[in-house]
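Structure first, then comments.
The values are calculated or read from the model by the stated rules, or taken from the named source; none is laboratory data. Keep in mind it's a predicted model, so treat the numbers as computed, not measured. So basically every Cβ, Gly included, is an ideal-geometry build from the backbone, and we count neighbours across all protein chains shown. The protein model used for the area step is the full one, side chains on, heavy atoms only, and it has no ligands, DNA or RNA in it. Shrake-Rupley method; radii C 1.70, N 1.55, O 1.52, S 1.80 Å.
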Amino acid sequence: MAEEPTYDVVIIGGGAAGLAASIYSVRAMLKTLVIERQAIGGQILYTGEIENYPGFPEPIAGPDLAMLYEKQATRFGVEFVYDTITRLELDGPVKKLIGEEGEYTAKAVIITSGGEHNKLEVPGEDEFAGRGVSYCATCDGNFFRDQDVTVVGGGDAAMDEGLYLTRMASSVTVVHRREELRASKILQQRAFDNPKMSFVWNSAIKEIKGDGDVKSIVLENLKTGEISEQDTNGVFVYIGFHPINEFMIGAVDLDAAGHVVTDIQMNTSVPGVFAAGDVRTFSERQLANAVGDGVAAALSAYRYITEG
Ligand code: NAP
C-alpha cells in the first residue's frame, strides 16, 4: 500500500506568497504546513513602511503586516516549522521534502522560496540599509521626495526604477560599471531623455558613507582608478536578483535566470507542484502580486488534490 502523506499541502517559504497560499489552503480544509528557514514574513520584514498595498490607507510597517498574515494563518490552523529544505523528491503522488531538520510528505507542494537582491558588498551597505540604502524604489522612493538619489546598475530594473524615482526625487544619478547600458533600448532612451537623470560611467561604488542616514558615496573610476566622493541622500541597488532555488535544481523546470517556470495557474513542470511569488518566472516582485500568486497556487493545489 502506498505511503499516506502527512500533509495535504506543504508550502516552502513563509513570505507573503506562502502565507497567502496557506490561508487559502487551510480554509479549503487541507492540512497545511509552512516551512520557513528564517523568519515568517519574508521580504516585507525588511521593508520599513508599506504604502502601496491596497486596503491600507495609512502606511503599515512590514513586520506588522507580516505578524497579521501569521496571525490570520494560525487562526485557521496552518502549521509552521522552521527548517531549510535541501532536496525535493517529487515523482509520484506522494511528494517528499528533505530538510536539514526533518522530512515532510505531502500530496501537493507550493514553492514560495522567494529571492534575494544581489548586494554591492561594500562598506556602509548593511549599516545604512533602510536608512538610505534600498533595493526597492517602489517601496521606498516616496521617502526621497526632492532629494538626490543614486541608482546602481545598468539593467532594466535600474532604468525602470530610476525613471520611477525621477517622479519624486530632485535628481537620479545612475552609477554603472561600464559605459554601455544592458537595459532594453526603449528604457535606455527614456532614461537618456529624462532631464532629471544623469550617468556616471565606468564606475563602482567603493563605500557608502553617512551620519545616521546616507550622505555620500565613494566612487572609483574603473578605467582611470580615480577615487572621488559624491553627495547623495539615497542609494538604490539594482545589480540583479537571484531566486532561492538551490534545493529544487533538477526537480522542477527553471528558466535561464533560475526562476521556476509556471503557467498562469502556478502549475510547474511537475504535476502537484506549484510555485508563487518572486521565485516564479515573470514575477512583478510586488507584495500584492505575491499574495495573488499564492492564492492562485493554493486554488490549483486544491483542484489537483480533489479532482486529481
Ligand atoms: P540584469 O539585467 O542582470 O542587470 C544587472 C545590472 O547590474 C547590469 O547592468 C550589470 O552590469 C550590473 N551589475 C551586476 N553586478 C554588479 C556589481 N557587482 N556591481 C555593479 N554593477 C553590477 O538585472 P535586472 O536589471 O535586475 O533585470 C533582471 C531581469 O528582469 C532581466 O531579465 C530584465 O530584463 C527583467 N526586468 C525587466 C524589466 C522591464 O522589462 N521593464 C524591469 C525589471 C527587470 P553589466 O551590464 O556590466 O553586466
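Things worth noting here:
- Residues within the stretch 189-209 that are without any contact (Cβ under 8 Å) to a residue 60 or more places away in the chain, open to solvent by less than 40 Å² (accessible area, probe 1.4 Å) and within 11 Å of the ligand (Cβ to nearest atom), tallied: 3
- Filtered residue count, the stretch 165-186, keeping only those that are crowded, with 19+ Cβ neighbours inside 10 Å, of a type in the set (A, V, I, L, M) and within 13 Å of the ligand (Cβ to nearest atom): 4
- Within the stretch 50-75, the set of residues being open to solvent by 70 Å² or more (accessible area, probe 1.4 Å) and touching a residue at least 40 places away in the same chain (Cβ under 8 Å) comprises Glu51, Asn52, Pro54, Gln72.
- Ala301 satisfies every condition listed in (1) open to solvent by less than 60 Å² (accessible area, probe 1.4 Å); (2) under 30 Å from Met168 (Cβ atoms) except (2).
- Those residues of the stretch 269-292 which are over 13 Å from the mean Cα position of the chain (by Cα) and either closer than 27 Å to Leu45 by Cα or hydrophobic (A, V, I, L, M, F, W, C) (or both), in sequence order: Val270, Val273, Phe274, Ala275, Gly292
- Flag for Asp83 being within 21 Å of the chain's Cα centre (by Cα) and open to solvent by 20 Å² or more (accessible area, probe 1.4 Å): no
- Filter pass, Lys196 being under 30 Å from Arg87 (Cα atoms) and either modelled with pLDDT of 95 or more or touching an Asp or Glu at 6+ places or on another chain (Cβ under 9 Å) (or both): no
- Set side by side, the residues Gly132, Gly153, Gly212, Gly162 differ, and just one is away from the ligand (no atom under 12 Å from the Cβ) and crowded, with 21+ Cβ neighbours inside 10 Å, which is Gly132.
- Residue within the stretch 25-34 that is among the β-branched types (Val, Ile, Thr), over 27 Å from Glu246 (Cα atoms) and either more than 21 Å from the chain's Cα centre (by Cα) or loosely packed, with under 14 Cβ neighbours inside 10 Å (or both) present: yes
- Looking only at the stretch 94-117, and only at residues there that are at pLDDT below 95 and open to solvent by 40 Å² or more (accessible area, probe 1.4 Å), the one that is farthest from Glu4 (Cα to Cα): His117
- Members of the stretch 35-81 found to be among the acidic types (Asp, Glu) and touching a Lys or Arg at 6+ places or on another chain (Cβ under 9 Å), listed by number: Glu79
- Taking the stretch 19-115 and the strands (runs of 3 or more DSSP E) fully enclosed by it, the elements with 1 or more residues that are within 19 Å of Val291 (Cβ to Cβ), touching a strand residue (DSSP E or B) at 6+ places or on another chain (Cβ under 6 Å) and polar (S, T, N, Q) are at 32-36.
- Looking only at residues of the stretch 118-128 that are within 12 Å of the ligand (Cβ to nearest atom) and in contact with a strand residue (DSSP E or B) (Cβ under 8 Å, 6 or more places away or on another chain), we find that the one that is most open to solvent (accessible area, probe 1.4 Å) is Lys119.
- Any hit, the stretch 235-257, residues being touching a helix residue (DSSP H, G or I) at 6+ places or on another chain (Cβ under 9 Å) and at positive phi: yes
- Residue count for the stretch 227-260, restricted to those that are open to solvent by 60 Å² or more (accessible area, probe 1.4 Å) and away from the ligand (no atom under 14 Å from the Cβ): 7
- When Ala20, Ala106 are screened for being of a type in the set (A, V, I, L, M) and under 30 Å from Tyr164 (Cβ atoms), only Ala20 passes.
- Qualifying residue in the stretch 94-116 (condition: under 28 Å from Leu222 (Cα atoms), in contact (Cβ under 8 Å) with a residue 40 or more places away in the chain and within 16 Å of the ligand (Cβ to nearest atom)): yes
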